[in-house]
1. Arranged by the count of other C-beta atoms within 10 angstrom, fewest first, what order do 40, 74 take?
2. Roughly speaking, what is the centre-to-centre gap between the stretch 18-55 and the stretch 69-87 when only Cα atoms are used, to the nearest Å?
3. Does anyone have the angle between helix 2-58 and the longest principal axis of the chain? Alpha-carbon axes, 0 to 90°, nearest 10?
4. Beyond 19 Å, what percent of the Cα pairs of the chain remain?
5. Quick one: order 81, 6 by neighbouring beta-carbon count within 10 Å, fewest to most.
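Values quoted throughout were computed directly from the atomic coordinates according to the rules given, and no laboratory measurement underlies them. What you see is a predicted model, and the numbers here were worked out from it, not measured in a lab. Cβ coordinates were reconstructed from backbone atoms using ideal geometry, including for glycine residues, and neighbour counts include every protein chain displayed.
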């Protein structure tokens, strides 16, 4: 009886240790995945910031004026406004 009880206790302890090790391994794996995703997110944020800077530079007034002149546009000599309902 004592031997049987000892074997059951050893079996239960082995199962608990195995479950703990499986949980620890899953935690390490998930921690690594989170670390990789955080690195990817930081890289994407850097790329996004770089693109926002590029957009700001390309949409500045001097650059737009230069591009429009290169495309053959000229500044308006005079501007006329149309008011709806006015004679």
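1. Details: 40 10, 74 7.
Going from least to most buried by this count: 74, 40.
2. If we compute the Cα centre of each part, the gap is 53 Å.
3. Result, in degrees: 10.
4. Values: 2800 of 3741 pairs.
Result: 75 percent of Cα pairs exceed 19 Å.
5. Values: 81 5, 6 10.
Ordered by Cβ neighbours within 10 Å, fewest first: 81, 6.
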